[in-house]
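Input: a single structure, listed below in structure tokens.
The values are calculated or read from the model by the stated rules, or taken from the named source; none is laboratory data. Computed from a prediction, not measured in an experiment: that's the story for all the values here. Cβ: placed from backbone, ideal geometry, glycine included. Neighbour counts: every protein chain shown. Protein only, heavy atoms only, side chains kept; ligands, DNA and RNA dropped before computing areas. Shrake-Rupley method; radii C 1.70, N 1.55, O 1.52, S 1.80 Å.
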There are 2 protein chains.
Amino acid sequence: MKQYKILFFIADGLGDRPVSKLQGKTPLEYVNKSNIRELLKNSLIGLMDPISPGVVPGSDTSHLSIFGLDPHKYYRGRGVFEAIGAGARLKASDVAFRGNFATVNNEFIVVDRRAGRKIEEADDLVKELNEKIGEIDGVKVRFYHGTEHRVAIVLSGKGLTDKVSDTDPHEINKKVLESKPLDNSPESQFTANIVNKLTRKIYEVLNSSEINKIRISKGELPANIILLRGAAEFVDLPQFESYTKLKAAAVSATALIKGICEQIGMKVVTPPGATGGLDTNYLGKADAAVELLKEYDFVFLHLKATDAASHDGNVDGKVYAINKMDEMIGRILDKFGSELVIAISGDHTTPVEVKEHTGDPVPFLLYVPYSIINDVVNDFNEREARRGSLRIRGLDVINLLLNYSNRAEKYGA
Amino acid sequence: MKQYKILFFIADGLGDRPVSKLQGKTPLEYVNKSNIRELLKNSLIGLMDPISPGVVPGSDTSHLSIFGLDPHKYYRGRGVFEAIGAGARLKASDVAFRGNFATVNNEFIVVDRRAGRKIEEADDLVKELNEKIGEIDGVKVRFYHGTEHRVAIVLSGKGLTDKVSDTDPHEINKKVLESKPLDNSPESQFTANIVNKLTRKIYEVLNSSEINKIRISKGELPANIILLRGAAEFVDLPQFESYTKLKAAAVSATALIKGICEQIGMKVVTPPGATGGLDTNYLGKADAAVELLKEYDFVFLHLKATDAASHDGNVDGKVYAINKMDEMIGRILDKFGSELVIAISGDHTTPVEVKEHTGDPVPFLLYVPYSIINDVVNDFNEREARRGSLRIRGLDVINLLLNYSNRAEKYGA
């Protein structure tokens, strides 16, 4: 049996609900999508619940799931994925926190939870912290800058746990909290001690930093503390190639998605001009996927623009991004041909009038380059997808792709 | 509520894809099936994923699943089901291996991995091994002959595990491997030692066997070793009657299926002329099912011919077997009447042009002998099944059968 290559195209936040500005159509219904419609002649179509019906996925839990990794097993909290998105690569039993640069007075009372939010010197502050705080009591400490005032902190060493409370009081005019053990284990006591020592050490370094002296001299708030929350232990993620036997690559410009893909061993490419926004280089990403398809069995192509437009409530933007998405498929079919298995879906629904993720299922299309009993539908969208034969969960996707690319191993005899 | 008897008819490998020789129809679409179509007036119909979407089932994992036993819990590897198919009945913590009769020289280098493949004396060799090797270091050893050069070995005793490596080097001109522990437990060390002692003992017995002396004198390769692979621990299978309250029987001519049915406590009948091939005694099997329905609540009727034809790429054969399958249903309705619940499906898809199992869903029909809201479809096949209301997994089948036969117990109060 011929084994086919696999293209898996995720348009982030693709799913939607009827939009009044589009006369009750969803953006996917509104756009003509001539290239994607061409695939319908030999496709299965249906609805996917990225986690399970009604569960509102994050992009992290959803991508774990559609890559075949049960988030209920592997997802222990946002700290880990915030760190991965900020560039950390983790090992089993590392404990990661999300954090904010913030401002405290000399009594440790929080004056501003974001130190004025805009901190142009954040990279330099993180560098200084990494230089001056290498470890505490034998526990290695690494700092990563996310976006704006956001940082991630990773603790590595023996005897750590994520069963400790936040230091972030989540309100101003409150004192920075002591981290407390959340169970009776010695690991919780040990980790809470580390976090509290670390918090004082961070204050010492930041409060005496030349950068903050300059900020104060300019009338800005000093970023003299990091408030920590969301402790999460990293559960070692299996390598994608080890459980799928697929040599895999990804095209993405989004830090969190790139991080997840890298963490499970995919090669990750961000072509010039790819931004994660509506202004991204759509065809550059399609071309990058075509190049990768020549060398890899499995290429994951991630488009963030659909979700970015949805969060902004930008109907025209979402319509624009879906038109561009269809152009991307057309470019890939033109350049690579149609001798491959193609899955097209979203990682979750982000209705453009809601501007947030919802737990609605997303339409899913699976094109197969040989004769199958195809689902007879008129288009690829939320409404027509209900008439197809697929009603799957995110965790089923990899099995379907392996089966229809003739790469599945039999389970049993 | 009247409780009905249940007939569960599995045509092995029934599902298919469009077949060019049948003008793009599947074999199920191509065959008229007047008796099965008669059932559609009061049936639910739909698609079943024997394991989950896209997963390619083996006949062993699939039958566990459709009998209500989660293979992810009960399936530990092929050794166990090879042994069951070869006639072994296992107890919890028994460890089973698959093996080949093979030929080694006196330095234990493999000369032929199948000892010439055709070993007419295999039953006698197995008998001699069972007589001469009863146990090793307190571990009971049993040998079973499968088909051709294949054997299964079952170890019973305390302190055993399946965490040991194969002795089969999987290539000729390589030395028989030492079995090695795959973890640090004392059980792995103990089991690996047993396997290595057993391998030497097998060589001693077989190499000095009169049977092999005769083979050599005829210019044949001696079957003087058994190469072991696929160690698997038997996880005790619950008895079908204990979790369904159904007195159950099965009609089958296929060793693996008979073994699974017996292992979960069903009475198993193989009528005269039933072969597991296209030449099987179709109506004899139907008649056997009718007889069993008089005494048992649940009768499982297994037809292997559909799968045999599929693996051979024999389109006409599959069409023939499906015609016969319809005759079998007709015979049962004639002789027993239609006052029973009938499920008809396959254990997996084996497209006749692919000749191997695939992970496509299989059509599923559930006939009920009283008024229900039936699914309005034109036929029972892969295409029409998509229009029905059922979209189930193998593990759902027993619950559906219990519900519609009015035999289900309420889950909760």
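Quick notes on this one:
- Subset of the range A:301-314 that is in a helix (DSSP H, G or I) and touching a helix residue (DSSP H, G or I) at 6+ places or on another chain (Cβ under 9 Å) - its residue that is surrounded by the fewest Cβ atoms within 10 Å (Cβ to Cβ): A:ALA308
- Of all residues in the range B:51-66, none satisfies the criterion of being open to solvent by 10 Å² or more (accessible area, probe 1.4 Å) and more than 7 Å from chain A (Cβ to nearest Cβ).
Every residue, every condition in (1) open to solvent by 10 Å² or more (accessible area, probe 1.4 Å); (2) more than 9 Å from chain B (Cβ to nearest Cβ), yes or no:
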| site | (1), (2) |
| --- | --- |
| A:ASP316 | yes, yes |
| A:ARG386 | yes, yes |
| A:ILE392 | no, no |
| A:LEU395 | yes, no |
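- Residue that is hydrophobic (A, V, I, L, M, F, W, C) and touching a His at 6+ places or on another chain (Cβ under 8 Å), where the choices are B:VAL176, B:VAL151, B:VAL195, B:VAL205: B:VAL151
- Filter result for B:PHE298 (surrounded by 20 or more Cβ atoms within 10 Å (Cβ to Cβ), within 17 Å of the chain's Cα centre (by Cα) and not aliphatic (A, V, I, L, M)): no
- In the range B:268-301, the residues that are touching a strand residue (DSSP E or B) at 6+ places or on another chain (Cβ under 8 Å) and either on the phi > 0 side of the Ramachandran plot or among the aromatic types (Phe, Trp, Tyr) (or both): B:TYR282, B:TYR296, B:PHE298, B:PHE300
- Condition check for B:ALA309: touching a Lys or Arg at 6+ places or on another chain (Cβ under 6 Å), on the phi < 0 side of the Ramachandran plot and not hydroxyl-bearing (Ser, Thr, Tyr): yes
- Residue within the range B:345-354 that is crowded, with 24+ Cβ neighbours inside 10 Å and of a type in the set (Gly, Ala, Ser) present: yes
- Inspection of the range B:23-31 finds no residue satisfying the criterion of being more than 7 Å from every other protein chain (Cβ to nearest Cβ), open to solvent by less than 10 Å² (accessible area, probe 1.4 Å), more than 27 Å from the chain's Cα centre (by Cα) and not charged (D, E, K, R).
- In the range B:47-71, the residues that are at positive phi form Cβ pairs under 6 Å with partners that are part of a loop (DSSP other than H, G, I, E, B), at six or more places apart or across chains, as follows: B:GLY54/B:GLY359.
- In the range A:241-252, the count of residues that are among the basic types (Lys, Arg) and open to solvent by less than 10 Å² (accessible area, probe 1.4 Å) is zero.
- Any hit, the range B:368-382, residues being more than 13 Å from chain A (Cβ to nearest Cβ) and either of a type in the set (Ser, Thr, Tyr) or part of a helix (DSSP H, G or I) (or both): yes
- Filtered residue count, the range A:67-95, keeping only those that are open to solvent by 20 Å² or more (accessible area, probe 1.4 Å), more than 14 Å from A:HIS145 (Cα to Cα) and assigned to a loop (DSSP other than H, G, I, E, B): 7
- Complete set of residues in the range B:32-50 that are assigned to a loop (DSSP other than H, G, I, E, B) and more than 14 Å from chain A (Cβ to nearest Cβ): B:ASN32, B:LYS33
- Residues that are buried (at least 19 other Cβ atoms within 10 Å of the Cβ) and either more than 7 Å from every other protein chain (Cβ to nearest Cβ) or outside any strand (DSSP E or B) (or both), drawn from the range A:397-412: A:VAL397, A:ILE398, A:ASN399, A:LEU400, A:LEU401, A:LEU402, A:ASN403, A:TYR404, A:SER405, A:ARG407, A:ALA408, A:GLY412
- Residues that are within 20 Å of A:ASP70 (Cβ to Cβ) and part of a strand (DSSP E or B) within the range A:227-249 comprise A:ALA232, A:GLU233, A:ALA248, listed in sequence order.
- Enumeration of residues in the range B:318-344 that are open to solvent by 40 Å² or more (accessible area, probe 1.4 Å) and in a helix (DSSP H, G or I): B:TYR320, B:ASN323, B:LYS324, B:GLU327, B:ARG331, B:ASP334, B:LYS335, B:PHE336
Residue-wise test of (1) without any contact (Cβ under 8 Å) to a residue 60 or more places away in the chain; (2) part of a loop (DSSP other than H, G, I, E, B); (3) not small (Gly, Ala, Ser).
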{"site": "B:PHE97", "(1), (2), (3)": "no, no, yes"}
{"site": "B:VAL110", "(1), (2), (3)": "no, no, yes"}
{"site": "B:TYR144", "(1), (2), (3)": "no, no, yes"}
{"site": "B:GLY159", "(1), (2), (3)": "yes, yes, no"}
{"site": "B:GLU178", "(1), (2), (3)": "yes, yes, yes"}
{"site": "B:ALA192", "(1), (2), (3)": "yes, no, no"}
